[in-house]
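The values are calculated or read from the model by the stated rules, or taken from the named source; none is laboratory data. Note that the coordinates shown come from a computational prediction; the quantities given were computed from them, not determined experimentally. As a convention, Cβ positions derive from the backbone with ideal geometry for all residues, glycine included, and neighbour counts pool all protein chains shown.
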Amino acid sequence: MYLTKNTLNFLADLAANNDRTWFNENKSRYENEAKVPFIKLITKVIDELGEPITFKESIFRINRDTRFSSDKTPYKTHLSAIVSKYGTKDKSYPGLYIHLDSEQFTIGGGAYFLEKTPLQNVRNAIMLHHHEFTSILNDKNFLKYYDGLHESEVNKVLPSEFKAFQKTEPLIANKQFFVMKDYPSERALESNIVEFIVNHAKALNPLNQFLRDNF
């Protein structure tokens, strides 16, 4: 066992008491019921996937950056990590994303933060290697764990080189190419959680690799 009901209780209590005084008074709960179990889980997932990264590079800090936000609550009310070559240092690099709050457990990945040049490169790859792209999205193992690409922002007007191809593949207008699968938070407490996450990662890998190869 890694995460427990105590983990979810802590996250629920944090959502209801998101201030520094409460957090400091409950810091031992955070350490013992949330932080350490999540570290153990992510460390095991990294080990199973053979990724060249540590949990410190993968797990997002619970403190929120409120400098440019109207929401000044100091803490995130979820635990999250990105397992990839660069971890949290480069969130644009396609990897495996894991998110847990008191109500929902999410596994996903792909390319969410795409700057202009990588987006251009991915679109070129989709157009030039369309059969490979559609084969990945239609693969039985991929569809066993994900419901296709997540709804994305789209460009209403595409660069001229992609306009004709949009009729063949509407997804080329996407600004992001990622997947997300949501489960009840209790799913993260089950004894086979590592295997469950690893199976999702393996199903996602062909899409991640396609995106990485064409960044």
Requested in this report: Consider Lys156 carefully, then state whether it is exposed (fewer than 15 other Cβ atoms within 10 Å of the Cβ), of a type outside the set (Ser, Thr, Tyr) and in a loop (DSSP other than H, G, I, E, B).
Outcome: yes
Query raised in the report: Name the pairs: first residue in region 37-60 and under 21 Å from Glu190 (Cα atoms), second residue of a type in the set (Gly, Ala, Ser), Cβ to Cβ under 7 Å, at least 6 apart or on different chains?
Result: Ile42/Ser58; Ile42/Ala81; Ile46/Ser58; Leu49/Ala201; Ile59/Ala81
Requested in this report: Six or more apart or on different chains, Cβ under 7 Å: which pairs go from a residue in region 102-125 that's farther than 12 Å from Lys175 by Cβ and part of a loop (DSSP other than H, G, I, E, B) to one that's among the hydrophobic types (A, V, I, L, M, F, W, C) and at pLDDT 95 or above? Could you list them?
Outcome: Ser102/Leu8; Ser102/Leu11; Ser102/Ala12; Ser102/Ala15
Requested in this report: Give the residue that is surrounded by the most Cβ atoms within 10 Å (Cβ to Cβ), with candidates limited to residues of region 1-43 that are of a type in the set (A, V, I, L, M, F, W, C) and outside any helix (DSSP H, G or I).
Outcome: Leu3
Query - Scan of region 96-124 for residues that are among the charged types (D, E, K, R) and either buried (at least 17 other Cβ atoms within 10 Å of the Cβ) or touching a strand residue (DSSP E or B) at 6+ places or on another chain (Cβ under 7 Å) (or both), ordered by number - result: Asp101, Arg123
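From the list Gly109, Gly95, which residue is at pLDDT 95 or above and in contact with a Lys or Arg (Cβ under 8 Å, 6 or more places away or on another chain)? Talk me through it step by step, then tell me what you get.
On the way: Gly109 fails: in contact with a Lys or Arg (Cβ under 8 Å, 6 or more places away or on another chain).
Residue meeting the stated conditions: Gly95.
Can you tell me which residue among Lys163, Lys167, Lys144, Lys175 is more than 17 Å from Leu204 (Cβ to Cβ), in contact with a helix residue (DSSP H, G or I) (Cβ under 8 Å, 6 or more places away or on another chain) and surrounded by fewer than 16 Cβ atoms within 10 Å (Cβ to Cβ)? Quick ask: steps written out before the conclusion?
Working: Lys163 fails: in contact with a helix residue (DSSP H, G or I) (Cβ under 8 Å, 6 or more places away or on another chain); Lys167 fails: in contact with a helix residue (DSSP H, G or I) (Cβ under 8 Å, 6 or more places away or on another chain); Lys144 fails: more than 17 Å from Leu204 (Cβ to Cβ).
Unique residue meeting the criteria: Lys175.
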Query raised in the report: Within region 65-85, is even one residue assigned to a loop (DSSP other than H, G, I, E, B), among the small types (Gly, Ala, Ser) and in contact with a helix residue (DSSP H, G or I) (Cβ under 9 Å, 6 or more places away or on another chain)?
Result: yes
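Restricting region 48-63 to residues that are in a helix (DSSP H, G or I) and surrounded by 12 or more Cβ atoms within 10 Å (Cβ to Cβ), which is farthest from the chain's Cα centre (by Cα)? Show your work before the answer.
Applying the first criterion (in a helix (DSSP H, G or I)) to region 48-63 yields 48-49, 55-58.
Now restrict to residues that are surrounded by 12 or more Cβ atoms within 10 Å (Cβ to Cβ): 48-49, 55, 57-58.
Details: Glu48: 17, Leu49: 15, Phe55: 15, Glu57: 14, Ser58: 11 Å.
Among them, the one singled out is Glu48.
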